[in-house]
Amino acid sequence: MPLARPSSSPTISAMRVIPVAGRDSMLLNLCGAHGPFFIRNLVLLEASDGSTGIGEVPGGAGILKALQKAVALVEGTEVARYQRTLNAIRASHGAHTGTMQHQVSSAAEAAVLRQPHEINLRLDNVITAVEAALLDLLGQHLGVPVCELLGSGQQRDRVPMLAYLFYIGDSRRTGLDYVAPRPGDDWYGMRLREALTPSAIADLADAAAARYGFQDFKLKGGVMSAQDELQAIAAIKRRRPAARCTVDPNGAWSLSEAVAVGKEYGHLLAYAEDPCGPEQGYSGREIMAEFKRATGVRTATNMVATDWRQMGHSHLLGAIDIPLADPHFWTMGGSVRLAQLCHDWGLTWGSHSNNHFDVSLAMFTHAAAAAPGAITAIDTHWIWQEGSERLTREPLQIVDGAVSVPDRPGLGIEPDMARIEAAHALYKQVATGARDDAMAMRCLVPGWTYDPKRPSFAR
Ligand code: GKR
Ligand code: MG
């Protein structure tokens, strides 16, 4: 559709898509263990007024290729008409304007889709990367923070975040290129060392709280037995009775096991995240609804209510109290729309995360800042990278368990091009394809294979 008048907001003069890599600890989950490196995709947009906008989304060749294909649809467009640009990208994938799409492009992708960390292979990741960069530019043009452009605008000055704790494998036994463990009982030392027991998890919680002031804690489960994982939560609660705790085994427990531990330990949990999933012909939403009815424990998910259609089914069943609407796969606008709906329907909005850099930290912060009502402390993996992996000049800080919303135009961050080029060089050196958590786990446990219904480590 031709423009009826000359543009009054800047136009996009160049779009760069930059895959980047960063270093990670040997974090255990149901799918195995994080390898020494994680990958992400960045979009950098240069505008005709000389400003730069940036967005960050999960890594992987599918998203990278789709973003590269979008370049021709983004360059030359007007910043203020960003919705039109996003719709053009959707249309180029055969998707309808404004809908959420799971786009599975191959049988191989369909296979990994069943693994919890890969559920977000979808067109919305591609849309979000461009959307975030365009909103960053629009905010700069108008002189307002991005959160003012989302939903009903800024709702809070500080966004509560949780300490995302993991069991940690002994990386020295793998022969892989992890950062070498170092002495010291502060967070930066502890995040590199083996942690496999309830007291080691409680120590990690203490170190994270000392560094970042957290009051909310989440343990990534699906690693040890359900009883052991709840013992780890109990260990945190003994030291910090007021802490809000949760555990997320990514649906690994059977309904009967989840109900048993829910009845025994539910009083320790602020909510249970994906304690169980599909089984015996029943959908994950049906099983989660049964869990909730049987235990009275509040439920959260990033697995069974991840788009509008699933949300509709979930709500009819009363399956989920806390949808974890990660803006990286709901889009920034979609995530805030869901937050508004949660507010009106008596649900609680939160966000899921994966390993990310500081650009995503800013994206999470602005989406959560625009979420109305009481939200739950949002997930972030940033504590595993903070202090060594920045891509912006002054990353937002987690202080007293929260990030202050920057009162600056756009996302309020400044890309550090030297750091971005270095992270791109690392990507070229280490990226081997899609994320593969089984590979690292096999270095600890030869012959290990993924089983969605068995803990990965205590077998
Ligand atoms: O980083 O290992 C991880 C998590 O398991 C992540 O991949 C999940 O997607 O954090 C996520 C979750 O809440 O399920
Ligand atoms: Mg989860």
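How big is the antiparallel share of DSSP beta bridges in the range 152-411, given as a percent to the nearest 5? Show your work: numbers first, answer last.
Values: 7 of 23 bridges.
The antiparallel fraction comes to roughly 30 percent.
Once you charge only the Cβ atoms, +1 for Lys and Arg and -1 for Asp and Glu, what is the size of the charge dipole of the range 152-411 about its Cα centre, to the nearest 20 debye?
Details: 25 positive and 30 negative charges, 62 e Å.
Here the range 152-411 has a charge dipole of around 300 debye.
Sorted by accessible area (1.4 Å probe), largest first, how do Leu149, Leu137 line up?
Values: Leu149 50, Leu137 5 Å².
Largest accessible area first, the list is Leu149, Leu137.
Tell me which residues come under 5 Å, amide H to amide H, from Ala402 once H is placed; ignore anything under 5 positions away on its chain.
The list, which skips near neighbours in sequence, is Met161.
Of His313, Thr432, Leu219, whose Cα points farthest to the positive end of the dipole of the chain (charges on the beta-carbon: +1 Lys, Arg; -1 Asp, Glu; origin at the Cα centre)?
Working it through, the farthest residue towards the positive pole turns out to be His313.
Calculate the all-directions average of the projected area of the range 152-411's alpha-carbon convex hull, and give it in nm². Kindly include the intermediate steps, with their values, before the conclusion.
On the way: hull surface 56.7 nm².
That works out to 14.2 nm², a quarter of the Cα hull's surface.
For the range 185-220 and the range 336-365, what is the centre-to-centre distance using only Cα atoms, to the nearest Å?
So the two Cα centres are separated by 24 Å.
Once you've got the Cα coordinates, tell me which of Lys428/Lys453; Lys220/Lys292; Lys292/Lys453 are over 25 Å apart. Each step should come with its number before you reach the end.
Working: Lys428/Lys453 35 Å; Lys220/Lys292 20 Å; Lys292/Lys453 19 Å.
With Cα atoms farther than 25 Å apart: Lys428/Lys453.
In debye to the nearest 20, how big a dipole does the range 150-287 give about its Cα centre with +1 on each Lys and Arg Cβ and -1 on each Asp and Glu Cβ?
On the way: 17 positive and 18 negative charges, 98 e Å.
Value, rounded to 20: 480 debye.
Just how far, in whole angstrom, is the range 43-65 from the range 407-459 if you go by their alpha carbon centroids?
19 Å
For Thr11 and Val71, what does the FRET efficiency come to when R0 = 22 Å and r is the distance between their Cβ atoms, rounded to the nearest 0.05? Each step should come with its number before you reach the end.
Numbers: r = 14 Å, r/R0 = 0.65.
Plugging the Cβ-Cβ distance into 1/(1 + (r/R0)^6) gives 0.95.
In degrees between 0 and 90, to the nearest 10, how far off the longest principal axis of the chain does helix 123-142 point, with axes built from Cα atoms?
So the inclination is approximately 60 degrees.
So if I place +1 on the C-beta of Lys and Arg and -1 on the C-beta of Asp and Glu, and nothing else carries charge, what would the dipole magnitude of the chain be about its Cα centre? I want it in debye, nearest 20. Working shown, then result.
Details: 43 positive and 48 negative charges, 89 e Å.
Using only the charged Cβ atoms, the result is roughly 420 debye.
To the nearest 10 degrees, how steeply does helix 308-317 sit against the main Cα axis of the chain, on a 0 to 90 scale?
40 degrees
How far, in degrees from 0 to 90, does helix 226-239 lean away from the longest principal axis of the Cα atoms of the chain, to the nearest 10?
Helix 226-239 and the main axis of the chain meet at about 80 degrees.
Would you calculate a helix-derived [θ] at 222 nm for the chain, using -39,500 (n - 2.57) for each DSSP H run of n ≥ 4 and dividing by the full residue count, to the nearest 500? Mind showing how you got there, number by number?
Working: 15 runs with 170 residues, N = 459.
After summing the helix terms and dividing by residue count, I get -11500 deg cm²/dmol.
Using the C-alpha gyration tensor of the chain, what are the square roots of 5 times its eigenvalues, in whole angstrom, with the largest one first?
On the way: eigenvalues 230, 120, 93 Å².
Whole-Å semi-axes of the equivalent ellipsoid: 34, 24, 22.
For the chain, which whole-number percentage of the solvent-accessible area (1.4 Å probe, protein heavy atoms only) is attributable to carbon and sulfur atoms? Spell out each step's value before the answer.
Details: 8880 of 17290 Å².
C and S atoms contribute 51 percent here.
Looking at the chain, what % of its DSSP beta bridges pair antiparallel, to the nearest 5? Write out the running numbers ahead of the final one.
On the way: 30 of 47 bridges.
The antiparallel proportion sits near 65 percent.
Give me the extension gain from Ala61 to Val445: residue separation times 0.36 nm, minus the current Cα-Cα distance, reported in nm with one decimal. Before the final figure, lay out the partial values.
On the way: separation 384, 0.36 × 384 = 138.24 nm, distance 2.79 nm.
Working it through step by step, the gained length comes to 135.4 nm.
Step through the residues of the range 64-73 one at a time and calculate ³J(HN,Hα) from phi using the Karplus curve (6.51 cos²θ - 1.76 cosθ + 1.60, θ = phi - 60°), rounding each to whole Hz and writing x for Gly and Pro.
Listing the rounded values in order: 4, 5, 5, 5, 4, 5, 7, 3, 5, 7 Hz.
Taking only protein heavy atoms and a 1.4 Å probe, what accessible area per residue, in Å², does the chain have with all protein chains in place?
Values: 17290 Å² over 459 residues.
Averaged over the residues of the chain, the accessible area is 38 Å².
Could you pull out every residue, at least 5 positions away or on a different chain, whose amide H is within less than 5 Å of the one on Cys276? Hs are placed 1.01 Å off N in the peptide plane, and Pro or chain starts have none.
Sorted by chain and number, the residues that satisfy this are Gly251.
The values are calculated or read from the model by the stated rules, or taken from the named source; none is laboratory data. Keep in mind that what you see is a predicted model, and the values were worked out from it rather than measured. With ideal geometry, Cβ positions are generated from the backbone for all residues, glycine too; neighbour counts draw on all protein chains shown. Please note that ligands, DNA and RNA were not included when accessible areas were found on the heavy atoms of the full protein model with its side chains. Shrake-Rupley method; radii C 1.70, N 1.55, O 1.52, S 1.80 Å.
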